Amino acid sequence: MANQDFPLIFELSQESRTGFSLPTMDTPEIDVDDMIGEAYVRKSEPELPEVSELQIMRHYTGLSKRNHGVDSGFYPLGSCTMKYNPKVNEDIARLTGFSHIHPYQPAETVQGALGLMYDLQVSLEEITGLDTVTLQPAAGAHGEWTGLMMIRAFHEANGDFNRTKVIVPDSAHGTNPASATVAGFEAVTVKSDERGLVDLEDLKRVVDDQTAALMLTNPNTLGLFEQDIEEMAAIIHDAGGKLYYDGANLNAILGYARPGDMGFDVVHLNLHKTFTGPHGGGGPGSGPVGVTAELEPYLPKPVLKEENGFYSFDYERPKSIGRVKPYYGNFGINVRAYTYIRTMGPEGLKKVSEYAVINANYMMRRLQAEYDLPFDRHCKHEFILSGKRQKKLGVRTLDIAKRLLDFGYHPPTIYFPINVEEAMMIEPTETESKETLDAFVDAMLQIAEEAKNTPEKVQDAPHTTIVSRMDETQAARKPVLRYQS
Amino acid sequence: MEFRYLPMTKADKKEMLDTIGVQSSDELFADIPEAVRFKGDLNIKEPKNEFELTKELTRLAEQNVNLKSHTSFLGAGVYDHYIPSIVDHVISRSEFYTAYTPYQPEISQGELQAIFEFQTMICELTGMDVANSSMYDGGTALAEAVNLSAGQTKKKKVLVSKAIHPESLAVIHSYVKGPGVEVVEIDHKDGLTDLNQLAEELDENTASVVVQYPNFFGQIEPLDEVRKIVDAEKKAMMITSSNPLALGYLTPPGEFGADIVVGDAQVFGIPAQFGGPHCGYFATTKKLMRKVPGRLVGETVDEDGRRGFVLTLQAREQHIRRDKATSNICSNQALNALASSVAMSSLGKQGLKKMSKMNIQKTAYLKQQLQQAGLKVAFEGAFFNELVVDLSGQIPEINRMLLKKGIIGGYDLGEVDEQLSGHMLVACTEIRTKEEIDQFVKELGDLHG
């Protein structure tokens, strides 16, 4: 059925066809080849496609139709907070005065931009309960690394070079141990107990004078609130370590609890999750980091400051961990998040978490009739099901996920967290209506019935998508990573 | 108060709480210990309706001098270029921008194919075998390249030219602290990396040599000579950071034997937006394919033999390999990579070359005019679209005066190098007209004279 292939843009190319409209070449033609030198003038042109503007538009419109976004349908991808991306945010971010400003313009010419950043920082400080926020990190993982580097700098400033370990729960997102390694630490795993929470006894076992920090998501990746947080904070702090908060799940507790009040020293936020910066097919995101006053000297450079209503950057930061990114962070995403926070206000943000949590608990209770619930207690904004029961019937969680595609849904996150067998991690978010949740639950229940009666229907899914399951083994064994004519 | 993003009605809420088996939503939060529960209201601004908020933020945006209201000669890593209208129309398709990473290929073929095409275009531009789906920006991409070279060669020293972007250099210094790599900075001489010093510093402990092409001063580094020096050490790698637009006219680093080429695709369809988000790219050789940070899309077939695309070689990545991953990167800049792909498709083979050449020619004209006006252009080497002008004056003050004439002046090099105080780095792209260039030269001459 190769004729159903959607052509690559390179396959549409015809020599001498154009899709561009360049500014006039109004300066005298100067022969530049001599100046550049023969060896440095490119001999063979890069094979970019030669296509007309309509061809480009049809190509990408066609591709967009082969893609599922939140605007296309329900997207309960656990740990990713796939909520609605407000359109006004997009409009504000595209205002000329925000989108067409240069990072090296003098401060007095960009007071509007700096003022917005400052107010966003202040808002995030209040929301997280931390003393200072930097907007520099480009994404969550980048924020994790930034925060860990600050913790490292703090310990080293105290002459404490022995703190080489970062403790990470077995349920943690993969970026946590990866960031620990990149920051030069050794990642040490702490187990979860039968409640799905960090095992305090195991925590006491792994913590020692080499502990630099504990990285924790709260609620954790099982969607459960780490209710022993005060004791955990005490264990870590007593050992001289710092407590790091992974903000991936902040959507569960806005206005209900603040990481700073729980004893966290460093927090990163994912503005593209909780604060509606769109996910963009994988990015760009934004990963601001908040810290306590004790860690403030180590913030990445530069730090935005305000004096008598004038905003500027402070580069005189002798203890700073240095630069983590050129310029000042993903400003365009920060504008979107700011617009969202200003739209919701204190009351709205609290409702966000309230409804996100109600939605998750409602779905969990409706689904537990047919799916195993490894942790039977109230969840926060997401919950974990196990496909163990269906697996016994020969239907794997992967099959269930693929079958959901036939109903027009993006499946939940699957096989994560890794400490739950056949895991399905479902996060509905607050922006979905009850009708949507019910329809999804009905589909899941139907699939559970199919697993019993017509398992092949699930095993062979999807049946309605434009392509069927992909041969991922071939892709990895014989990688074809680019088009070649 | 009602919120338009929150569809839950009172009736919904009651029914749902009944199903859950609780009286009120507070019970769902009861596991948050009393001592750490937040009481009262968050002290942030009260909500605003769409109309009033738009009005307020529009006014705020209008406070900023911008690249459309003024004529800009500011570059230094972020450039103001022609952006085809279709770019924003494509990236505004919400099937793209409201999607996440394409983990489910059956319903993500659009994004996957778009990334595959982006990877191909970057390979074509750089002359490399493999490119990934994007990085945060050129600076962090370069820092990741440095760490990759140290990991691959098991050597702990890198030689980094001081003629690279100073903020990329700063980011490298931050990134190498984790793996404990030593950075030796190589001076610049006459606007180019000092090759004698480079050759002297290169030894058996060297993991890689890092240069920018064209460099921070706009000068075209002699990559063939750099490669010859690097070749003295068998394992050492050559890493270049390149403005991809320049590669439309200049010989690509791949042809000079670069091992890793990174840079920022901001020049293709992405507005300056105060420095981010832009779009880092990362390209390398087949040999290093399995060490690449971030996501890669590969071609394969489905069960019915149809061509399709998937995320591949994922065993490199944090969600599989955890603490053994090649990088911690997760989110990238996919939507901006899409914007760049559209801009590159729009330019095509001919347009790219034309636009690239226009940058050189207009800058050459600017140089001619500056010299004719008696102004001193530092450095005699070949250039792309930036020049260093020795104004022997207070650059911030000169820029203040230019601003009054509606011009955003260049970058103050004294900020990063004392020897270059009084020097301004100016950029001239294809969108600057003869008239604008002439006026800029006249104003600079007047201020100088």
Meets criteria (outside the structural domain of residue A:192 (by TED's automatic domain parsing), more than 30 Å from residue A:361 (Cβ to Cβ) and under 27 Å from the mean Cα position of the chain (by Cα)) for residue A:427: no
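Return yes when residue B:389 is at pLDDT below 95 and among the aliphatic types (A, V, I, L, M) and no when it is not.
Values: at pLDDT below 95: no; among the aliphatic types (A, V, I, L, M): yes.
Spelling it out, it is not the case that residue B:389 is at pLDDT below 95 and among the aliphatic types (A, V, I, L, M).
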Where residue A:48 falls short, out of the listed (1) exposed (fewer than 14 other Cβ atoms within 10 Å of the Cβ); (2) within 7 Å of chain B (Cβ to nearest Cβ); (3) under 30 Å from residue B:227 (Cβ atoms): (1)
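Going through region A:367-395 one residue at a time, which ones are within 17 Å of residue A:418 (Cβ to Cβ) and either buried (at least 24 other Cβ atoms within 10 Å of the Cβ) or without any contact (Cβ under 8 Å) to a residue 60 or more places away in the chain (or both)? Step through it out loud before you land on a result.
Taking region A:367-395 as the starting set, the residues that turn out to be within 17 Å of residue A:418 (Cβ to Cβ) are A:372, A:374-375, A:382-388, A:391.
If the condition is that a residue be within 17 Å of residue A:418 (Cβ to Cβ) and either buried (at least 24 other Cβ atoms within 10 Å of the Cβ) or without any contact (Cβ under 8 Å) to a residue 60 or more places away in the chain (or both), then A:372, A:382, A:383, A:384, A:385, A:386, A:387, A:388, A:391 are the ones that fit.
With the structure loaded, tell me whether residue A:472 is at the interface with another protein chain (Cβ under 10 Å from one of its Cβ atoms), closer than 30 Å to residue A:252 by Cα and not hydrophobic (A, V, I, L, M, F, W, C) or whether it fails that test. If you could, list the steps in order and put the result at the bottom.
Details: at the interface with another protein chain (Cβ under 10 Å from one of its Cβ atoms): yes; closer than 30 Å to residue A:252 by Cα: no; not hydrophobic (A, V, I, L, M, F, W, C): yes.
When the stated conditions are applied, residue A:472 does not pass them.
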Residue B:256 vs. criteria of a type in the set (Phe, Trp, Tyr) and surrounded by fewer than 24 Cβ atoms within 10 Å (Cβ to Cβ): yes
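State whether the residues of region B:146-164 include one that is of a type outside the set (A, V, I, L, M, F, W, C) and within 17 Å of the chain's Cα centre (by Cα). Walk me through how you get there before you give the answer.
Our first condition is that a residue be of a type outside the set (A, V, I, L, M, F, W, C); within region B:146-164, this holds for B:147, B:149, B:151-157, B:161-162.
Still in the running and within 17 Å of the chain's Cα centre (by Cα): none.
No, every residue in region B:146-164 fails to be of a type outside the set (A, V, I, L, M, F, W, C) and within 17 Å of the chain's Cα centre (by Cα).
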Leading residue by the ranking (nearest to residue B:431 (Cα to Cα)) among those in region B:69-86 that are within 7 Å of chain A (Cβ to nearest Cβ) and aliphatic (A, V, I, L, M): B:74
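Which one is nearest to the other protein chains (Cβ to nearest Cβ) among residues in region A:302-332 that are part of a loop (DSSP other than H, G, I, E, B) and in contact with a Phe, Trp or Tyr (Cβ under 6 Å, 6 or more places away or on another chain)?
Filtering region A:302-332 for residues that are part of a loop (DSSP other than H, G, I, E, B) and in contact with a Phe, Trp or Tyr (Cβ under 6 Å, 6 or more places away or on another chain), the one nearest to the other protein chains (Cβ to nearest Cβ) comes out as A:321.
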Residue list for region B:39-68, filter: among the β-branched types (Val, Ile, Thr) and either assigned to a helix (DSSP H, G or I) or more than 7 Å from every other protein chain (Cβ to nearest Cβ) (or both): B:54, B:58
Residue match in region A:56-69 (condition: more than 30 Å from residue B:6 (Cα to Cα), more than 7 Å from chain B (Cβ to nearest Cβ) and in contact with a strand residue (DSSP E or B) (Cβ under 6 Å, 6 or more places away or on another chain)): no
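Only one of B:140, B:101 is assigned by TED's automatic domain parsing to the domain that holds residue B:263, under 18 Å from the mean Cα position of the chain (by Cα) and not in a strand (DSSP E or B). Can you tell me which?
On the way: B:101 fails: under 18 Å from the mean Cα position of the chain (by Cα).
Within the list B:140, B:101, the selection yields B:140.
Taking residue B:327 as the residue in question, decide whether it is in a loop (DSSP other than H, G, I, E, B) and either over 20 Å from residue B:270 (Cα atoms) or more than 7 Å from chain A (Cβ to nearest Cβ) (or both).
On the way: in a loop (DSSP other than H, G, I, E, B): yes; either over 20 Å from residue B:270 (Cα atoms) or more than 7 Å from chain A (Cβ to nearest Cβ) (or both): yes.
Judged against the criteria, residue B:327 is a match.
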Of all residues in region B:364-397 being touching a Leu at 6+ places or on another chain (Cβ under 9 Å) and among the acidic types (Asp, Glu), the one that is surrounded by the fewest Cβ atoms within 10 Å (Cβ to Cβ): B:397
Flag if residue B:120 is in contact with a helix residue (DSSP H, G or I) (Cβ under 8 Å, 6 or more places away or on another chain), farther than 15 Å from residue B:339 by Cβ and either more than 8 Å from chain A (Cβ to nearest Cβ) or not in a helix (DSSP H, G or I) (or both): no
Subset of region B:288-306 (residues that are within 7 Å of chain A (Cβ to nearest Cβ) and surrounded by fewer than 18 Cβ atoms within 10 Å (Cβ to Cβ)): B:289, B:301, B:303, B:304, B:305
Filter pass, residue A:11 being surrounded by fewer than 10 Cβ atoms within 10 Å (Cβ to Cβ), more than 7 Å from every other protein chain (Cβ to nearest Cβ), under 30 Å from residue B:115 (Cβ atoms) and not hydroxyl-bearing (Ser, Thr, Tyr): no
Set B:110, B:180: member being over 20 Å from residue B:273 (Cβ atoms), surrounded by fewer than 24 Cβ atoms within 10 Å (Cβ to Cβ) and at pLDDT 95 or above: B:180
Some residue of region A:93-106 being of a type outside the set (S, T, N, Q), at the interface with another protein chain (Cβ under 8 Å from one of its Cβ atoms) and on the phi > 0 side of the Ramachandran plot: no
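The values are calculated or read from the model by the stated rules, or taken from the named source; none is laboratory data. Note that the structure is a prediction, hence the values are computed from the model and not measured. As a convention, Cβ positions derive from the backbone with ideal geometry for all residues, glycine included, and neighbour counts pool all protein chains shown.
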